[in-house]
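Encoded as structure tokens, the structure appears first; notes follow it.
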């Protein structure tokens, strides 16, 4: 059974690669990147071998612990990387057994993550060979399989037992927590630049942490050869015994998890309350009241738009406050605002002084108190306007196969395009306006607000127009509804998304020249009173371009709606959405 499960895993992988050119392209690019990273890792291992054995032991022990913890944390944040290896999916075909548990564990180790991890765990042997410690290198090779087995058994036991793939609410919560963790890590370097002085930075704390991690069960396998190289044979023997015993302890734990998830009844705590108050056979008036109860924003938006447009906008507004895939984008915009503020404060915090002996760079205090902040903060408004308008550039893909309801209802494409743009404008425009006024309050340059406000609205309208057109012409794969937004896509379309983003930035920048060029002139000449003319010009330009984009995108959607739906159905997970 072990060989059957391993073969089945790779057969599924190869079938996906044969049927999806983008998945194959993504695999090729990933393999190329991994091979390119292999050389620096080996060179780093050789360099580490030239250091003293104590330092190498601490570093390798910390790395081993990080790898083991990563096998547990990363799948939790992506709600199950290997869904095909979930024992729940095999409950209908076979009974739980020790052979099945062993086969699932081995198949997990034989996947791409397991192979890459196995290669990385062999690199410490290079370190000890470079250090002239053949005994430690041999012990490192012997303990590498035990370390990989610990990673697989611990990671699969925690992830499968957590049951994150069996609860929609659990997936949503972990998705948001994972995104917050990723954003916190991305913001950490910029925040550290604001609070740390590089000249007095001490690494003693990091060394202590690495030493402690190496002495935990997570780091035993990679730390044991280091103690042997230092001549501490007793400590090395004790850690070796612990590293070899750890997979033997985790194996029965994994087997109990397999039995539990395969035999336990399926339960869910989710409740559908959206249509609880709707009558079973509503008349016209009752039907409108029921729709109003489900989509309360529809009646409000009908005052400024048509009925179909308001219905689409109200539905999208519900997604923006409940769907994790949309919420992640909202959090990303707020995080980018914080990151840009930190970057601007950091850049303005360095002062350059020139002397006869040369140039020195010193760190000065940067104040973000009202009236004293740097004027470059206004640039954040322009960047966020671009990002906010960009948010709906793949909105049709987020609908997944539910797009058929628009097609079957005969919804005009222009109503769809205008409704989606109206839904984001309802909350994004107040956010952008508040941002510009906050920048004026922090900098004290209220005279600059009209100019930047006009340019920002113009750029926002152009970005909306681009999104309205490209979401019809160039849809690319996204995670299906109910899936974790942190989970990697399988069709390799991340490459297309990157190209589309670069192309969109260029196109939007060119179309925004009628408002950006006057802004640059006003900034260089400090003729801020002319900003009162740029304000209405930017509003008219952004609104006109956004309307044209919605009309053009609507015409394309009327022509290509069936093709777009057929494309969405080819993506993994969307055919059952």
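The values are calculated or read from the model by the stated rules, or taken from the named source; none is laboratory data. Small disclaimer: the values here were computed from a predicted structure and weren't measured. A quick note on method: Cβ atoms are made from the backbone with ideal geometry, for glycine too, and the neighbour counts reach across all protein chains shown.
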request  = Kindly indicate the residue of the stretch 103-113 that is touching a helix residue (DSSP H, G or I) at 6+ places or on another chain (Cβ under 6 Å) and part of a helix (DSSP H, G or I) and also surrounded by the fewest Cβ atoms within 10 Å (Cβ to Cβ) among those meeting that condition.
outcome  = 106
note = Of the candidates 329, 372, the one satisfying the condition of being in the same structural domain as residue 417 (by TED's automatic domain parsing), at pLDDT 70 or above, assigned to a helix (DSSP H, G or I) and touching a helix residue (DSSP H, G or I) at 6+ places or on another chain (Cβ under 9 Å) is 329
request  = Name the residue, out of 150, 99, that is under 30 Å from residue 260 (Cβ atoms), assigned to a helix (DSSP H, G or I), within 30 Å of the chain's Cα centre (by Cα) and in the same structural domain as residue 7 (by TED's automatic domain parsing).
outcome  = 150
request  = Check off (1) over 21 Å from residue 429 (Cβ atoms); (2) touching a helix residue (DSSP H, G or I) at 6+ places or on another chain (Cβ under 7 Å); (3) modelled with pLDDT of 90 or more for residue 538 and give me the number that stays unchecked.
outcome  = (1)
key: Residue in the stretch 122-129 that is assigned to a helix (DSSP H, G or I) and at pLDDT below 85 present   = no
